[in-house]
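I have placed the structure first, in the form of structure tokens, so that the comments after it can refer back to it.
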Amino acid sequence: MCSLGLKSNKSEELILQCFVALCLGVGVMAGKYTREMNEAKPSDSDGQTVEFRIAKLNQVWEKAKRMQLSPVRLAELHSDLKIQEKDEMQWKKLKAEGFDENGEKEAQLRRNFNVILAKYGMDGKRDTRPLESNSLKDHDTKEGDAFDDPRLDKLWNKAKSSGKFSNEELLSLKREFQHHKDKIHEYNILMDTISRTEEIHKNVISPLEGDAKEHVLHQKHTELKQKMKDLNQGFERLRKLSHEGFTEDSEFREPRVIELWEAAKRANLSKDELDSLKEELHHFETKVEKHTHYQEQLELSHQKLQHVEALGDKEHIKRNQEKYNTLSEKTRDMGYKMKKHLQDLSNKISRQGLQHNEL
């Protein structure tokens, strides 16, 4: 009787194990299916697979591919377009719920899109400012003419010849100078975008529409002033760094992270908030460094692919093309996640700082 009971228990256990395994299998398949559905690329009206869910972004992407931008720059554009797509999809949802009645957010999105076009030389305007700012090409920079700005060049040459910096510190300092140069470029693009908007504003006939546009222009000028303030603070920090060198207690290495940390310290946050943010910034810095590493690998992979293509070995070309495509996809994905995290951190610091100032 005991043996019968034992067999019965074993049978029940076996049935239970099979049932659990079946459930787990279905769960895994369902999870995989849901993930694939979420990650599936969108289609256009003809059913063709496209890169983005918004037509104008696909047009920009297709044009960029024809322009033969460098692989790293193309990956950067893809990340910027993904951020634009995310913001526009969020805005459409808010608009449907009755928000953004004055059109302020819509105008900001339009401005952001115009900035992307100008940044990558697709605004139909001949831009004398250098568009390529790939830090991977630092070794190609001519001596004494590194940053296309007299103040930056003078400061850099002085720091370089001061003997205060090790080779590693000079590379870190150069990244900071490069970041500041990029910020100047962004400021110039924004100023140009606002100037063109003002030209359109002059031709407005309807007084009501004119009032609405006046409000939008005021917002843009406020943003422009803030960016100029950030530039001045950034230059002052570079000047101090060039004269005094890096300190032992430097919290961060990456320019974008340093900029966020400096903004947080000016935002009148509590010690607990700063400590929490510092920890998050350390995680973000790791993400930035990982993305930079992938950019370097992508550039090297592209160079190797070009070399193999010149030799003409089809099997070799296929293997290198697959590796390059995988790296390209990974770099784009990491770039998007990094820029989204940067956007979230910037908003968080601004929001917390504003709350403290209101108190």
note = Restricted to region 152-166 and to residues being touching a residue at least 24 places away in the same chain (Cβ under 8 Å) and of a type outside the set (D, E, K, R), the residue most open to solvent (accessible area, probe 1.4 Å) is 162
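Is at least one residue of region 176-185 among the aliphatic types (A, V, I, L, M), under 30 Å from residue 73 (Cβ atoms), assigned to a helix (DSSP H, G or I) and at pLDDT below 90? Before you say what the answer is, go through the steps one by one.
Step one: filter region 176-185 for residues among the aliphatic types (A, V, I, L, M), giving 184.
Next, only the ones that are under 30 Å from residue 73 (Cβ atoms) stay: 184.
Within this subset, residues satisfying the condition of being assigned to a helix (DSSP H, G or I) are 184.
Those left that are additionally at pLDDT below 90: none.
No, because not a single residue in region 176-185 is among the aliphatic types (A, V, I, L, M), under 30 Å from residue 73 (Cβ atoms), assigned to a helix (DSSP H, G or I) and at pLDDT below 90.
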remark   = Selection from region 68-122 of residues open to solvent by 50 Å² or more (accessible area, probe 1.4 Å) and under 30 Å from residue 301 (Cα atoms) yields 68, 82, 119
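Provide a single number: the residues in region 242-274 that are in a helix (DSSP H, G or I) and open to solvent by 20 Å² or more (accessible area, probe 1.4 Å). Give the derivation first.
Taking region 242-274 first, the residues in a helix (DSSP H, G or I) are 242-244, 255-266, 271-274.
Going one step further and asking which of them are open to solvent by 20 Å² or more (accessible area, probe 1.4 Å), we end up with 243-244, 256, 259, 261-263, 265-266, 271-274.
Number satisfying all stated conditions: 13.
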query = Out of all the residues in region 130-148, is one or more modelled with pLDDT of 90 or more and outside any helix (DSSP H, G or I)?
reply = no
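Would you call residue 324 assigned to a helix (DSSP H, G or I), within 30 Å of residue 238 (Cα to Cα), of a type in the set (Phe, Trp, Tyr) and modelled with pLDDT of 90 or more? Steps first, please.
Values: assigned to a helix (DSSP H, G or I): yes; within 30 Å of residue 238 (Cα to Cα): no; of a type in the set (Phe, Trp, Tyr): yes; modelled with pLDDT of 90 or more: yes.
Judged against the criteria, residue 324 is not a match.
In the list 331, 292, which residue meets the criterion of being open to solvent by less than 60 Å² (accessible area, probe 1.4 Å), at pLDDT below 95 and closer than 21 Å to residue 82 by Cβ? Spell out the reasoning first.
Details: 331 fails: at pLDDT below 95.
Matching residue, one of 331, 292: 292.
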inquiry  = Restricting to region 207-230, and then to whatever is more than 25 Å from the chain's Cα centre (by Cα) and either in the same structural domain as residue 113 (by the TED database) or open to solvent by 50 Å² or more (accessible area, probe 1.4 Å) (or both), can you tell me which residue is modelled with the highest pLDDT?
reply    = 218
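The values are calculated or read from the model by the stated rules, or taken from the named source; none is laboratory data. Note that the coordinates shown come from a computational prediction; the quantities given were computed from them, not determined experimentally. Glycine gets a Cβ as well: all are built from the backbone with ideal geometry, and neighbour counts include every protein chain shown. For accessibility, only protein heavy atoms count, side chains too; no ligands or nucleic acids. Shrake-Rupley method; radii C 1.70, N 1.55, O 1.52, S 1.80 Å.
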